[in-house]
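The next block holds one structure in the form of structure tokens; read it before the comments.
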Amino acid sequence: MNMRSRTLLRVFSATALAALILAASPARAGHYDLSSIDIVDEATIAALLPLKVATTQDLWEATRTPAKVAALARKVKLAPAALRDLHDLCDLLWVDGIGPKVARVLTAAGIRNLVALARQEQVALADLIRDTNRKMEILGKLPDPDTTRSWIEQAKARVKAGAGKSAPTRR
């Protein structure tokens, strides 16, 4: 095999490996298909789909400003407050490790968005999640304080970066 063939093989192998890693990665926060999770009812999903709002990221974008919330509320016949609540829940999904179930437990516990999450203390948050989950019985595995510390740090970084003011940059 000549030098050019070996170089092409290395480039192809690296590209193929990267594609396999990306394909095998779990769903990234903020990219959940609305029809695959239970945060929005079927009628609302049906109203959102023609508006090209099919994922939690789409919903987050579509409700980023009060004007967008008002416009979407009129189109899908949903209360603006309900859309703001959904935006906040989707806001939590930008944190790696927080999926729809954890976000539901957090919102039920009063941690409604990244700002509220950033203000938490790791052990107290783990305890709050445990206590709230006892009532809701949503989560199988509960986060430990190291996990909640990571979530709090990510939330602080996103808040500091002004995540609510512009579209998020994702991996």
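Karplus-derived 3J(HN,Hα) values for the range 134-145, using 6.51 cos²θ - 1.76 cosθ + 1.60 with θ = phi - 60°, are 4, 6, 8, 6, 9, 8, x, 9, 8, x, 8, x Hz; glycine and proline are entered as x.
Residues Arg74, Arg130, Arg149, arranged from fewest to most other Cβ atoms within 10 angstrom of their Cβ, appear as Arg74, Arg130, Arg149.
With θ taken as phi - 60° and the Karplus curve 6.51 cos²θ - 1.76 cosθ + 1.60 applied, the whole-hertz 3J(HN,Hα) list for the range 93-108 is 5, 6, 8, 4, x, 9, x, x, 5, 5, 4, 5, 5, 4, 5, 5 Hz, x standing for glycine and proline.
So for Lys75, Lys160, fewest C-beta neighbours within 10 Å to most, what's the order? Before the final figure, lay out the partial values.
On the way: Lys75 14, Lys160 9.
By the 10 Å Cβ count, ascending, the order reads Lys160, Lys75.
Farthest toward the positive end of the dipole of the range 52-93, out of Thr65, Leu78, Thr55, is the Cα of Leu78, where the dipole comes from beta carbon charges about the Cα centre. Computed extension length for Lys141-Arg119: 5.6 nm, one decimal, from 0.36 nm per residue of separation with the Cα-Cα distance subtracted. Rounded to the nearest 0.05, the FRET efficiency derived from the C-beta distance between Lys75 and Lys156 at R0 = 45 Å is 0.85. With both labels modelled 7 Å from their Cα along Cα-to-Cβ, the Asp33 to Asp127 distance reads 4.1 nm. Around the amide H of Asn113, modelled in the peptide plane, lies no amide H under 5 Å away from a residue 5 or more places distant or on another chain.
What GluC sites (Glu not before Pro) in the range 82-163 are in a loop by DSSP, with at most 14 other Cβ atoms within 10 Å of the Cβ? Each step should come with its number before you reach the end.
Values: sites: Glu121, Glu137, Glu153; in loops: Glu121, Glu137.
Here the sparse-neighbourhood loop sites are Glu121, Glu137.
Less than 5 angstrom separates the built amide H of Thr55 from those of Leu34, all sequence-distant by 5 or more or on a different chain.
Every number in this text was worked out from the coordinates using simple rules, so none of it is lab data. Bear in mind that the values here come from a model prediction, so they are computed numbers and not experimental data. All Cβ positions, even for glycine, are placed from backbone atoms using ideal geometry, and neighbour counts span all protein chains on display.
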